[in-house]
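Please read the structure below before turning to the comments.
The values are calculated or read from the model by the stated rules, or taken from the named source; none is laboratory data. Given the structure is predicted, the values throughout are model-derived calculations rather than measurements. Please note: Cβ atoms are built from the backbone with ideal geometry, for glycine as well, and neighbour counts cover all protein chains shown.
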Amino acid sequence: MRRIITATAVLAMAALALTGCSAAATNPGSTAAASDGKPVYVFLPKSLNNPYWVDARKGMEDAAKKLGVTAKFLGPDTDDAAAQVAIFDSILATKPAGIAVSPNDAASVIDNIAKARAAGIPVIAWDGPVPNSQVLGYIGTDNVTAGMQAGEALATAVGKKGNVAVVIGSLTAVNLNQRLAGVKKALAKYPDIKIVATQVSGESVATAQTASETVLQANPDLAGFIGIGGSDLPGAVGALTSAGKCGKVKAVGFDVVPQGIAGMQAKCVDALISQKPFGMTGQALQILVDFANKKSTLKDNFNVDTGVVTVTPSSLAEFLKTAH
């Protein structure tokens with residue numbers, strides 16, 4: 001019952017946020033326009049409580065200004081597949097000019113994507129892939145390769161030996177599982193490194209911290225943590241700080257978010273893997289606009305790898321000089 005209520009409430013909020021587009025819903029042949037007449041594009045992230053999405057949203061807003069369109073960033077407050085589907089339903093009713101989706105559970109949004117395409121709305125997978133669906137293509141990180149890069153950074157941090165723990169946002173999100181597979185592939189080269197725990201955070205920093213505290217208590221000899229999602233390393237940093245183990249237990253994770261930056265500056269984080277969310281989302285909006293205007297040169301099932309960067313304490317200051 002709790003999830004049904006949550007999904008319904010989120011749907012209502014999403015509908016309210018899209019009221020500027022509601023006139024188009026009565027005309028199946030038109031696309032939504034904001035009150036200023038600009039076409040409306042919608043980005044549907046997994047959640048809003050993950051600090052990773054802050055830069056992603058900024059990238060969307062920056063690109064929207066340059067392209068002269070309206071873009072909306074609508075998602076569930078927490079990692080909730082049912083709520084995300086409810087928001088997707090609400091978005092479809094407004095018939096926007098295009099949709100970019102990063103799914104909590106890829107299977108859960110396949111029907112919505114098919115409905116959108118049937119209505120003539122271009123849909124792309126952004127940040128997280130949606131296999132076996134009618135998305136036009138994918139833009140985002142090559143997650144297996146990125147996971148391998150993160151695994152190598154962890155191996156270096158722990159001196160290529162010791163027990164390590166994984167904190168992951170979700171076990172249903174395709175991109176996070178691909179990332180984890182890459183981490184395991186990299187660590188498999190080091191027989192003296194063993195993964196002794198895998199905890200799920202639900203894309204919540206608070207839950208990631210609680211889970212990390214549990215791991216520390218159960219594994220006093222832990223050599224390192226690796227965070228797979230944007231909320232995971234911040235949670236691990238919180239646990240290490242509370243336990244007075246910064247620097248003693250190494251920490252590596254995804255996304256250069258404020259908590260990760262602060263952790264690195266406090267010598268509690270050894271490496272951050274940036275997915276360059278600002279630029280990724282900006283590129284995604286350009287792709288949607290091109291498809292909506294029938295100007296895209298991309299082929300069906302395109303795959304745009306936006307790449308990752310490993311940020312270390314020595315490169316952090318330079319990295320932060322520009323938006324990524």
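State the number of residues belonging to the range 203-233 that are surrounded by fewer than 18 Cβ atoms within 10 Å (Cβ to Cβ), assigned to a loop (DSSP other than H, G, I, E, B) and touching a residue at least 24 places away in the same chain (Cβ under 8 Å).
The total comes to 2.
Residues to consider are PHE254, PHE278; find the one that is in contact with a helix residue (DSSP H, G or I) (Cβ under 6 Å, 6 or more places away or on another chain) and of a type in the set (Phe, Trp, Tyr). Steps first, answer last, please.
On the way: PHE254 fails: in contact with a helix residue (DSSP H, G or I) (Cβ under 6 Å, 6 or more places away or on another chain).
On inspection, the qualifying residue turns out to be PHE278.
Test each condition in (1) out of contact with any strand residue (DSSP E or B) (no Cβ under 6 Å at 6 or more places or on another chain); (2) modelled with pLDDT of 95 or more; (3) among the small types (Gly, Ala, Ser); (4) within 19 Å of PRO45 (Cα to Cα) for ALA181 and report the one that comes out false.
Just one mismatch for ALA181, condition (4).
Step by step: first the residues of the range 174-199, then only those that are part of a helix (DSSP H, G or I) and among the hydrophobic types (A, V, I, L, M, F, W, C), then the one that is farthest from PRO129 (Cα to Cα). Which residue is that?
If we filter the range 174-199 for residues that are part of a helix (DSSP H, G or I), which is where we start, we get 174-187.
Now narrow it down to the ones that are among the hydrophobic types (A, V, I, L, M, F, W, C): 174, 176, 180-181, 183, 186-187.
Numbers: VAL174: 7, LEU176: 10, LEU180: 15, ALA181: 15, VAL183: 18, ALA186: 22, LEU187: 24 Å.
Applying the filter and picking the extreme gives LEU187.
So which pairs qualify, if the first residue must be in the range 186-200 and loosely packed, with under 14 Cβ neighbours inside 10 Å, the second must be of a type in the set (A, V, I, L, M), the Cβ gap must be under 8 Å, and the two must be at least 6 apart or on different chains?
From residues that are loosely packed, with under 14 Cβ neighbours inside 10 Å, the pairs are LYS189/ALA155; LYS194/VAL164.
For the range 187-205, name all the residues that are farther than 19 Å from LYS160 by Cα and in contact with a helix residue (DSSP H, G or I) (Cβ under 7 Å, 6 or more places away or on another chain).
GLN199, SER201, VAL205
Identify, by number, the condition in (1) farther than 24 Å from VAL40 by Cα; (2) among the small types (Gly, Ala, Ser); (3) not in a helix (DSSP H, G or I) that ALA100 doesn't meet.
Only one criterion is unmet by ALA100, namely (1).
Matching residues to (1) basic (Lys, Arg); (2) outside any helix (DSSP H, G or I); (3) farther than 30 Å from GLU213 by Cα; (4) free of Cβ contacts under 8 Å to residues at least 12 places away in the same chain:
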| residue | (1), (2), (3), (4) |
| --- | --- |
| ALA236 | no, no, no, no |
| LEU272 | no, yes, no, no |
| MET280 | no, no, yes, no |
| LYS294 | yes, yes, yes, yes |
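Can you tell me which of (1) under 26 Å from LYS161 (Cα atoms); (2) polar (S, T, N, Q); (3) within 23 Å of the chain's Cα centre (by Cα) is the one ASN219 doesn't meet?
(3)
Taking the condition of being within 15 Å of ASP142 (Cα to Cα) and among the aliphatic types (A, V, I, L, M), how many residues in the range 285-318 meet it? Step through it out loud before you land on a result.
Pass one, the range 285-318, residues within 15 Å of ASP142 (Cα to Cα): 301-310.
From what is left, the residues that are among the aliphatic types (A, V, I, L, M) are 304, 308-309.
Selection size over the range 285-318: 3.
Conditions tested, residue by residue: (1) at pLDDT 95 or above; (2) crowded, with 21+ Cβ neighbours inside 10 Å; (3) of a type in the set (Lys, Arg).
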| position | (1), (2), (3) |
| --- | --- |
| LYS245 | yes, no, yes |
| ALA251 | yes, yes, no |
| PHE254 | yes, yes, no |
| GLN275 | yes, yes, no |
| GLN283 | yes, no, no |
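Any chance you could count how many residues in the range 104-134 are over 23 Å from ASN293 (Cα atoms), outside any loop (DSSP other than H, G, I, E, B) and among the aliphatic types (A, V, I, L, M)?
So in the range 104-134, the residues over 23 Å from ASN293 (Cα atoms) come out as 104-111, 128-132.
With the extra rule that they be outside any loop (DSSP other than H, G, I, E, B), the set shrinks to 106-111.
Subsequent filtering for residues that are among the aliphatic types (A, V, I, L, M) retains 106-107, 109-110.
Summing the residues that are over 23 Å from ASN293 (Cα atoms), outside any loop (DSSP other than H, G, I, E, B) and among the aliphatic types (A, V, I, L, M) in the range 104-134 gives 4.
Restricted to the range 160-173, and to residues that are in a loop (DSSP other than H, G, I, E, B) and touching a residue at least 40 places away in the same chain (Cβ under 8 Å), which residue is surrounded by the fewest Cβ atoms within 10 Å (Cβ to Cβ)? Break it down into steps so the answer makes sense when it comes.
Going residue by residue through the range 160-173, those that are in a loop (DSSP other than H, G, I, E, B) are 160-161, 169-173.
Going one step further and asking which of them are touching a residue at least 40 places away in the same chain (Cβ under 8 Å), we end up with 161, 169-170, 172-173.
Values: LYS161: 13, GLY169: 30, SER170: 22, THR172: 16, ALA173: 26.
For the range 160-173, the residue satisfying everything is LYS161.
Would you call THR241 of a type in the set (S, T, N, Q), in contact with a strand residue (DSSP E or B) (Cβ under 7 Å, 6 or more places away or on another chain) and at pLDDT 95 or above? Can you show your working first?
Working: of a type in the set (S, T, N, Q): yes; in contact with a strand residue (DSSP E or B) (Cβ under 7 Å, 6 or more places away or on another chain): no; at pLDDT 95 or above: yes.
So THR241 fails the test.
As an exercise: evaluate TYR138 against (1) buried (at least 18 other Cβ atoms within 10 Å of the Cβ); (2) in contact (Cβ under 8 Å) with a residue 60 or more places away in the chain; (3) over 17 Å from the mean Cα position of the chain (by Cα); (4) under 26 Å from LEU272 (Cα atoms) and give the number of the one condition it does not meet.
(3)
Looking at the range 238-267, which of the residues that are among the aliphatic types (A, V, I, L, M) and in a strand (DSSP E or B) is farthest from THR156 (Cα to Cα)? Outline the logic, then answer.
Pass one, the range 238-267, residues among the aliphatic types (A, V, I, L, M): 239-240, 243, 249, 251-252, 256-257, 261-262, 264, 266.
Checking which are in a strand (DSSP E or B) leaves us with 249, 251-252.
Working: VAL249: 13, ALA251: 11, VAL252: 10 Å.
It comes out as VAL249.
May I ask you to list the residues in the range 79-91 that are out of contact with any helix residue (DSSP H, G or I) (no Cβ under 6 Å at 6 or more places or on another chain) and in a helix (DSSP H, G or I)?
Matches in the range 79-91: GLN84, ASP89, ILE91.
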